[in-house]
Amino acid sequence: MRRRSLILAAVPAGLVTLAGCGDDDKSASSKASDSASPSASATSAAPPPKIVDGPLPAITAGTKFGEKPTVAKGTGDPSSQLAVKTVIAGNGTTVVENDFIQANYLGQIWSTAKVFDNSYDRGIPLVIQLAQGSIIDGWRYALTGKKVGSRVEFSVPPTWAYGKEGNSQAGIKGTDTLVFVVDLEATFNSKSSAKGTVVPQNDAKLPKVGTNTDGKAPSIDVPKTDAPTKLVSEYVLEGKGPVVKSSQSVLVQYKGVVWDGGKEFDSTYSRNQLASFSLSQVVKGWAQGLTGKKVGSRVLVVIPPKLGYGDNPPSGSGIKKDSTLVFSVDILAAM
């Protein structure tokens, strides 16, 4: 099993899984992998740190954006505040607190240069919300305001990392200052949209989904015909990213309507909040419909009752028994 990232503070708050169809069950929210992860306090009583220029150890190899860096051992005493340096300045979108970011990173201990975690070796970047309770506070403060395409190095004292308890699983003591190098690949928020190539929707027996890419909810026009009895999964916008694997988690925008009448019952757009979840945590129609599709795509997914909720729809969802469900899903990232 792939190990979950060691920098996560807790399960991201406020995310919903489709299996709950709009409920607030946070226990089924996004996970970077299937295994447990050490976590910091979901909330921090510490005041914001001062952002200072250094000291920071040198990056001695892997100096290009996207390359696994080698970082020297810290010399002398680290700052008691948050030391932050933009090593490579990007020119992409500015990261805002509470955005989701996609990034590769390496973390090590200041005094020993022991690497306790890195995403480069796993070959899959981290996708996580830059929000209190989702990630250690040092990341929130260091990366907010940086631009996509940037490499940022920063040191995090215990106050804004794991506190006096440290993190025994990672070999981090309560007195350790941590050093990170982070390559910011992308940022996502509630206005994010798929940006793929438009694919013709020529089947009159299938719903038509809007192709707007302005971050607003696309239209879903359901035909007045019988619903298909088998799962439908078709590109509306075809992206250029890697294909989604059944073992992965995804970050998505989505809108769901029932086939009979086309009434909306769930939408990330109406909540102004992206959703992130493991494909092992959702109804079968979602897992099967998104597996094999490319990141960056908008996908029409039509789910027959046997692959959806059947005769046991979620209470209060507005979904009747044995309903066929229709979704527009923008796959923003996979992890």
- Message: Looking for something among the hydrophobic types (A, V, I, L, M, F, W, C), within 27 Å of Lys173 (Cβ to Cβ), out of contact with any His (no Cβ under 9 Å at 6 or more places or on another chain) and at pLDDT below 95 - is there at least one such residue anywhere in segment 79-86?
- Response: no
- Query: How about segment 262-315: which of its residues are free of Cβ contacts under 8 Å to residues at least 60 places away in the same chain and of a type in the set (S, T, N, Q)?
  - Reply: Ser267, Ser270, Gln288, Thr291, Asn312, Ser315
- Message: Can you find a residue that is closer than 18 Å to Gly54 by Cβ and within 19 Å of the chain's Cα centre (by Cα) anywhere in segment 128-138?
- Response: yes
- Hey, any hits in segment 50-63 for a residue that's within 25 Å of Ile331 (Cα to Cα), out of contact with any helix residue (DSSP H, G or I) (no Cβ under 6 Å at 6 or more places or on another chain) and either at pLDDT 95 or above or outside the structural domain of Pro157 (by TED's automatic domain parsing) (or both)? no
- Query: If you check Val299, Val243, Val282, which single one turns out to be surrounded by fewer than 23 Cβ atoms within 10 Å (Cβ to Cβ), of a type in the set (Val, Ile, Thr) and modelled with pLDDT of 95 or more?
  - Reply: Val243
- Message: Name the residue that is farthest from Ser111 (Cα to Cα), counting only residues in segment 64-83 that are among the hydroxyl-bearing types (Ser, Thr, Tyr) and in a loop (DSSP other than H, G, I, E, B).
- Response: Ser80
- Query: When you scan segment 122-234 for strands (runs of 3 or more DSSP E) that lie fully inside it, which ones turn up with 1 or more residues that are in contact (Cβ under 8 Å) with a residue 12 or more places away in the chain and of a type in the set (Ser, Thr, Tyr)?
  - Reply: 151-156, 178-188
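Does at least one position in segment 261-280 carry a residue that is in a strand (DSSP E or B), within 14 Å of Pro218 (Cα to Cα) and of a type in the set (A, V, I, L, M, F, W, C)? Write out each step before concluding.
Quick first cut of segment 261-280, residues in a strand (DSSP E or B) only: 264-267, 275-278.
Then drop every residue that is not within 14 Å of Pro218 (Cα to Cα), which leaves 264, 266-267.
Narrowing further to those that are of a type in the set (A, V, I, L, M, F, W, C): none.
Checked against the condition, which is being in a strand (DSSP E or B), within 14 Å of Pro218 (Cα to Cα) and of a type in the set (A, V, I, L, M, F, W, C), segment 261-280 yields no hits at all.
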- Before we move on, is Asp214 farther than 30 Å from Asp121 by Cα, surrounded by fewer than 21 Cβ atoms within 10 Å (Cβ to Cβ), under 24 Å from the mean Cα position of the chain (by Cα) and not basic (Lys, Arg)? yes
- Only one of Val115, Val96, Val127 is over 20 Å from Leu274 (Cα atoms), among the β-branched types (Val, Ile, Thr), out of contact with any Pro (no Cβ under 9 Å at 6 or more places or on another chain) and in the same structural domain as Val179 (by TED's automatic domain parsing), namely Val115
- Item | Residue under evaluation Lys240, criteria (1) of a type in the set (Lys, Arg); (2) farther than 16 Å from Ala333 by Cα; (3) touching a strand residue (DSSP E or B) at 6+ places or on another chain (Cβ under 7 Å), criterion not met | (2)
- Message: Suppose we filter Val326, Val257, Val250 for residues that are part of a strand (DSSP E or B) and within 17 Å of Ser193 (Cα to Cα); which single one remains?
- Response: Val250
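Got a number for residues in segment 101-121 being in a loop (DSSP other than H, G, I, E, B), touching a residue at least 40 places away in the same chain (Cβ under 8 Å) and under 20 Å from Thr175 (Cβ atoms)? Give the derivation first.
Keep residues of segment 101-121 that are in a loop (DSSP other than H, G, I, E, B), which gives 110-114, 119-121.
From what's left, touching a residue at least 40 places away in the same chain (Cβ under 8 Å): 110-111, 113-114, 119-121.
Cutting the leftovers down to under 20 Å from Thr175 (Cβ atoms) gives us 110-111, 113-114.
Total satisfying the criteria: 4.
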- Message: Take the conditions touching an Asp or Glu at 6+ places or on another chain (Cβ under 9 Å) and surrounded by 24 or more Cβ atoms within 10 Å (Cβ to Cβ) and apply them to Val148. Does it pass?
- Response: no
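The values are calculated or read from the model by the stated rules, or taken from the named source; none is laboratory data. Owing to the predicted nature of the structure, the values given are computational and were not obtained by experimental measurement. Every residue, glycine as well, gets a Cβ built from its backbone with ideal geometry; the counts of neighbours run over all protein chains shown.
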